[in-house]
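A.B. asks: What follows is a single structure, and I will ask about it in a moment.
The values are calculated or read from the model by the stated rules, or taken from the named source; none is laboratory data. Keep in mind the model is a prediction, meaning the values are calculated, not measured. For neighbour counting, all protein chains shown are included, and Cβ atoms are generated from backbone atoms with ideal geometry for every residue, glycine included. Calculation scope for accessible area: heavy atoms of the full protein, side chains included, ligands and nucleic acids excluded. Shrake-Rupley method; radii C 1.70, N 1.55, O 1.52, S 1.80 Å.
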Amino acid sequence: MKKAHTYISNSQSETEKLARRFAHLLRGGEIVFLRGPIGAGKTIFVKSVAKALGLKSSPTSASFSLMKRYSKGKTVLFHIDLFRLEKEEVFNLGFEEMLEDENSIILAEWPDPLADMLPVDRLEMDFILCEGDKRKITWSGFGPVSKHLSEQLCQKK
Ligand SMILES: Nc1ncnc2c1ncn2[C@@H]1O[C@H](COP(=O)(O)OP(=O)(O)O)[C@@H](O)[C@H]1O
Ligand SMILES: [Mg+2]
């Protein structure tokens, strides 16, 4: 059953705060799908997660605009953005690199073209635009790892 948790963000810095909290719950291998319209804060969230973990970006074989790889030591995070792409278009883009290591953390905006290629245990986050700078961020977990993550994120608000 889908059990969504909610966080109301009133500013970019409040979204960054949620991202920092989220970052410290990651252990490796998590998959996160971020949905919501342009300008909702998905990219800000992902960049803040990478920053909170002290990760630095490094080149990938896939097109730079579609996938950024961040790492530090053994921690590897992929930030994917498949805006306007179709399933057929992402098939041969070099996502194998990302899928090889099951400890990679994957955060994907506009993730649908990639959905069938990834394990089903994933956290699904929705970013909803409200008036002004307000954003409603909801999330649900769809497997043991992401359900646990989902519960942890909603604690200690
Ligand atoms: N509460 C908020 N959370 C996140 N971003 C916000 C918020 N309020 C305003 N913004 C602004 O909205 C924009 C979000 O951009 P971005 O993260 O690139 O969105 P997306 O990746 O969802 O298209 C930024 O310009 C940011 O400054
Ligand atoms: Mg974005």
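A.B. asks: What residue, among those in segment 55-67 that are open to solvent by 60 Å² or more (accessible area, probe 1.4 Å) and within 16 Å of ligand 2 (Cβ to nearest atom), is modelled with the highest pLDDT?
C.D. replies: Out of the qualifying residues, it is S57.
A.B. asks: Okay, next question. Could you check segment 118-148 and list, in sequence order, the residues that are open to solvent by 10 Å² or more (accessible area, probe 1.4 Å), touching a Lys or Arg at 6+ places or on another chain (Cβ under 9 Å) and assigned to a helix (DSSP H, G or I)?
C.D. replies: V145, K147
A.B. asks: Could I ask something else about it? Yes or no: K87 at pLDDT 95 or above and over 23 Å from G132 (Cβ atoms)?
C.D. replies: Taking the combined requirement at face value, the residue does not satisfy it.
A.B. asks: Next question, about the same structure. What are the pairs with Cβ atoms under 9 angstrom where one residue, in segment 33-49, is more than 17 Å from P113 (Cβ to Cβ) and of a type in the set (A, V, I, L, M) and the other, located anywhere, is open to solvent by 50 Å² or more (accessible area, probe 1.4 Å) and near ligand 1 (Cβ under 7 Å from one of its atoms)? Sequence gap at least six, or different chains.
C.D. replies: From residues that are more than 17 Å from P113 (Cβ to Cβ) and of a type in the set (A, V, I, L, M), the pairs are I44/Q12.
A.B. asks: Still on this model: Scan I8, I106, I80, I38 and give me the residue that is open to solvent by 60 Å² or more (accessible area, probe 1.4 Å), at pLDDT 90 or above and within 16 Å of ligand 2 (Cβ to nearest atom).
C.D. replies: The conditions single out I38.
A.B. asks: From the list F78, F91, F95, pick out the single residue that is under 16 Å from the mean Cα position of the chain (by Cα) and either away from ligand 1 (no atom under 16 Å from the Cβ) or of a type in the set (K, R) (or both).
C.D. replies: F95
A.B. asks: Whether any residue in segment 51-61 is part of a strand (DSSP E or B) and hydroxyl-bearing (S, T, Y) is what I want to check.
C.D. replies: Within segment 51-61 (the criterion being part of a strand (DSSP E or B) and hydroxyl-bearing (S, T, Y)), the answer is yes, since at least one residue qualifies.
A.B. asks: Please enumerate the residues belonging to segment 36-75 that are under 23 Å from K87 (Cα atoms) and small (G, A, S).
C.D. replies: G36, S61, A62, S63, S65
A.B. asks: Could you list, in sequence order, all residues of segment 85-103 that are over 13 Å from D116 (Cβ atoms), open to solvent by 70 Å² or more (accessible area, probe 1.4 Å) and assigned to a loop (DSSP other than H, G, I, E, B)?
C.D. replies: N92, E102, N103
A.B. asks: Next question, about the same structure. Mind checking whether some residue in segment 67-74 is closer than 18 Å to P37 by Cα and in contact (Cβ under 8 Å) with a residue 24 or more places away in the chain?
C.D. replies: Initial filter on segment 67-74 (closer than 18 Å to P37 by Cα): none.
No, that holds for no residue.
A.B. asks: Output the residues belonging to segment 26-49 that are more than 13 Å from ligand 1 (Cβ to nearest atom) and of a type in the set (G, A, S).
C.D. replies: G28, G29
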